[in-house]
Amino acid sequence: MKRTGCTAVLLAAIAIPSCQRAPLTGPPELRLGRDMCAECGMIISEDACASATLVEREGVREHALFDDIGCMLDYASEHAGSLQTVESFVRDYSERSWASSSSSWFLLTDGEHVRTPMASGIVAFATSSAAQAAQARWGGKVVQEADLPAARDAVHRERQGIGASP
């Protein structure tokens, strides 16, 4: 009887860690009309401009969803010290599917030809050729993720009529 009890306890001790959930990975499920933008609080109703960041705080991972890529950039800037970004995702503007932000191409437009929910004028494409085709149609500037914040600032200064900073 004792041996059976010890065996049961040992098996339970081995099984319990395997029941723990794996860390959250990948893009979120986007629920249009239900999910809210983590930055501006608007309901996400347009999938072509949505984006998401997988963040980790105190060992817990969660997705922060955004209705506009500009909101994702603002959120990242505001929470730079308090959140660890695991990965970011954007919706491919033409395919309406998730793509990794780090491998995507971004088109920064004047906001007139391509309207985004919060008027950032930023849309993403999974391939360079798709971004360049959109640029040929609407104008703007094509950049990758690393150059996106600086390019956005330059476009914003240009829209405001402010000269380039020294």
Subject >> Per-region count, segment 119-139, residues closer than 22 Å to M42 by Cβ and either in contact with a strand residue (DSSP E or B) (Cβ under 9 Å, 6 or more places away or on another chain) or of a type in the set (S, T, N, Q) (or both) >> reply: 5
Subject >> Enumeration of residues in segment 27-42 that are touching a residue at least 40 places away in the same chain (Cβ under 8 Å) and within 12 Å of E62 (Cα to Cα) >> reply: P27, P28
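Give the residues of segment 32-46 that are in contact with a helix residue (DSSP H, G or I) (Cβ under 8 Å, 6 or more places away or on another chain) and within 14 Å of G70 (Cα to Cα), sorted by residue number. Steps first, please.
Going through segment 32-46, the residues in contact with a helix residue (DSSP H, G or I) (Cβ under 8 Å, 6 or more places away or on another chain) turn out to be 32, 37-40.
Selection gives C37, A38, E39, C40.
When you scan segment 127-135, do you find a residue that is under 16 Å from the mean Cα position of the chain (by Cα) and at pLDDT 95 or above, even just one? First the steps, then the outcome.
First, the residues of segment 127-135 that are under 16 Å from the mean Cα position of the chain (by Cα): none.
No: segment 127-135 contains no residue that is under 16 Å from the mean Cα position of the chain (by Cα) and at pLDDT 95 or above.
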**OP:** Identify the single condition in (1) small (G, A, S); (2) within 23 Å of M36 (Cβ to Cβ); (3) without any contact (Cβ under 8 Å) to a residue 40 or more places away in the chain; (4) buried (at least 17 other Cβ atoms within 10 Å of the Cβ) that S120 does not satisfy, given that it satisfies every other one.
**Re:** (3)
Subject >> Residue within segment 118-137 that is part of a strand (DSSP E or B), of a type in the set (V, I, T) and over 18 Å from L30 (Cβ atoms) present >> reply: no
Subject >> Selection from segment 63-84 of residues that are over 10 Å from the mean Cα position of the chain (by Cα) and at pLDDT below 95 >> reply: S77, E78, H79, A80, G81, S82, L83, Q84
**OP:** Within segment 52-82, track down each residue that is more than 14 Å from P149 (Cβ to Cβ), surrounded by 15 or more Cβ atoms within 10 Å (Cβ to Cβ) and among the small types (G, A, S).
**Re:** A52, A64
Original post:
Can you tell me how many residues in segment 87-102 are in contact (Cβ under 8 Å) with a residue 40 or more places away in the chain and polar (S, T, N, Q)?
Top reply: 4
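Touching an Asp or Glu at 6+ places or on another chain (Cβ under 8 Å) and at positive phi: does that describe G121?
On the way: touching an Asp or Glu at 6+ places or on another chain (Cβ under 8 Å): yes; at positive phi: yes.
Against the criterion (touching an Asp or Glu at 6+ places or on another chain (Cβ under 8 Å) and at positive phi), G121 qualifies.
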Subject >> Options S94, S102; residue that is part of a helix (DSSP H, G or I) and modelled with pLDDT of 85 or more >> reply: S102
Original post:
Could you list, in sequence order, the residues of segment 44-86 that are in contact (Cβ under 8 Å) with a residue 40 or more places away in the chain and either of a type in the set (D, E, K, R) or assigned to a helix (DSSP H, G or I) (or both)?
Top reply: E46, D47, A48, C49, D67, D68, I69, G70, C71, L73, S77
**OP:** Keeping to segment 147-166, report how many residues are without any contact (Cβ under 8 Å) to a residue 60 or more places away in the chain and under 21 Å from S97 (Cα atoms).
**Re:** 0
**OP:** Could you please find all residues in segment 138-166 being of a type outside the set (S, T, Y) and outside any helix (DSSP H, G or I)?
**Re:** G139, G140, K141, V142, V143, Q144, G161, I162, G163, A164, P166
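The values are calculated or read from the model by the stated rules, or taken from the named source; none is laboratory data. All of these numbers come straight from a predicted model, not from anything done at the bench. As a convention, Cβ positions derive from the backbone with ideal geometry for all residues, glycine included, and neighbour counts pool all protein chains shown.
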